Amino acid sequence: MNLAIETKKLVKTYKGRGGSGITVVDNLDLEVGAGEIFGFLGPNGAGKTTTIKILLGIIAATSGEAYVLGGEAGDIEVHRRLSYLPEKPYYYEYMTGLELMRFYASLFKIKDEAKCIELLRRVNLGNDFNRPISQYSKGMQQRVGLAQSLLNDPELLFLDEPTGGLDPIAHIEIRDLILQFREEGKTVFISSHELSDVERICDRVAIINKGQIVAQGRLEHLLAGGRVEITADGVDQAMHDALMAPERVVSLKSGRLILDIADTDDVNSILDSLRTKQCKVQSIIPRRKRLEDLFIEAVGADDVAKGRERGRMTEKGEAVAVTETKEEENV
Ligand SMILES: Nc1ncnc2c1ncn2[C@@H]1O[C@H](COP(=O)(O)OP(=O)(O)O)[C@@H](O)[C@H]1O
Ligand SMILES: [Mg+2]
């Protein structure tokens, strides 16, 4: 796999109260393939944003290695080829969408008004780019953020919680845009706890909890190992009894059999026995695990609840679990 991002034993420790260290990124080994949409999942406070900031060179790791697009994290040449949409972007709200694009374009020394407008159209802000951002909904702000993140035609995009707090329509729009990015060959690194979005668009995911990776791999592999449902008609009680086994759910009503088996069971031999008795197989449906089940399995229901709690506290601006300390003290 050609890697766009790689970390080896990445660690970030913050100084806590009384000088004790608090490790929020803990021996992280990440591998993100070029051209894939990679989901970086975890409950609130798991260490997602901290990891992204290390990958961008905004904060320094305490130890370990981080490579982005073949260079060291934070390398200026690498920066030209990537872009970043922060979790809570800050915009000059008195600017219009177009003025904001001009402003970011000037930072990249891009003097291409047509490109600014084309990108605003691409994210469906074609009718609104002359309105001040203060009048934009959360979804429109997120779309202008995506438009600016495309200005330098990046190979790699970091999107930190891109669909957080959006309504369902805006979710779909943002998801569709991200899928287009992949079609253009871009690598997209998304941190999120919006599992349904991740499930729909990501090729591979890593789940982190308390700074450690608890699952990583292709989504279809992680979600496999579920169940298969077989439905057949013309089944008698003797066949029903023959198919009964521990871990199988078998029901028979008016000759219709519904059989729920582990996908490691031998589906072929079950189908053979049904066919020898002239039973009519109606459907065979593989039932994948849902990402939510995998997430709770990997993170643990307690930690999911605690993450939710931390998220609520942080959003209200009340005390977080760890004392915020100045970056300089930690790097
Ligand atoms: N500057 C900082 N000083 C001390 N602790 C911090 C600092 N920034 C983040 N943390 C802590 O690091 C942990 C991980 O935070 P973060 O990476 O923002 O999590 P996530 O993005 O997964 O919600 C949290 O417990 C948070 O309170
Ligand atoms: Mg975060």
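The values are calculated or read from the model by the stated rules, or taken from the named source; none is laboratory data. The shown structure was predicted, so the numbers you read here are calculated from the model rather than taken from an experiment. Ideal geometry is used to build each Cβ from the backbone, glycine not excepted, and the neighbour counts take in all protein chains shown.
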What pairs come out if I take residues in the stretch 222-246 that are within 21 Å of ARG275 (Cα to Cα) and pair them with residues that are basic (Lys, Arg) and part of a helix (DSSP H, G or I) whose C-beta lies under 6 Å away, six or more apart or interchain? none
Hey, does the stretch 78-96 have a residue that's small (Gly, Ala, Ser) and not in a strand (DSSP E or B)? no
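Residue-by-condition table, conditions (1) in a loop (DSSP other than H, G, I, E, B); (2) modelled with pLDDT of 90 or more:
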| position | (1), (2) |
| --- | --- |
| GLN216 | no, yes |
| HIS221 | no, no |
| ILE230 | no, yes |
| ALA238 | no, yes |
| PRO246 | yes, no |
Is it the case that GLN148 is over 18 Å from the mean Cα position of the chain (by Cα) and either of a type outside the set (Lys, Arg) or under 30 Å from SER269 (Cα atoms) (or both)? yes
Residue in the stretch 280-290 that is polar (S, T, N, Q) and either closer than 17 Å to GLY226 by Cβ or touching a residue at least 24 places away in the same chain (Cβ under 8 Å) (or both) present: yes
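So that you can scan it fast, the table gives a plain yes or no per residue for (1) acidic (Asp, Glu); (2) at positive phi; (3) more than 12 Å from ligand 1 (Cβ to nearest atom); (4) assigned to a loop (DSSP other than H, G, I, E, B):
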position: PHE38; (1), (2), (3), (4): no, no, yes, no
position: ILE58; (1), (2), (3), (4): no, no, no, yes
position: ALA61; (1), (2), (3), (4): no, no, yes, yes
position: GLY74; (1), (2), (3), (4): no, yes, yes, yes
Of the residues LEU166, LEU157, LEU125, only one is touching a Leu at 6+ places or on another chain (Cβ under 8 Å) and either in contact (Cβ under 8 Å) with a residue 12 or more places away in the chain or more than 16 Å from ligand 1 (Cβ to nearest atom) (or both); which? LEU157
Only residues that are farther than 20 Å from GLY74 by Cβ, of a type outside the set (A, V, I, L, M) and surrounded by 18 or more Cβ atoms within 10 Å (Cβ to Cβ): list them for the stretch 142-159, please. GLN142, ARG143, GLY145, GLN148
Subset of the stretch 248-257 [in a strand (DSSP E or B) and under 35 Å from the mean Cα position of the chain (by Cα)]: VAL249
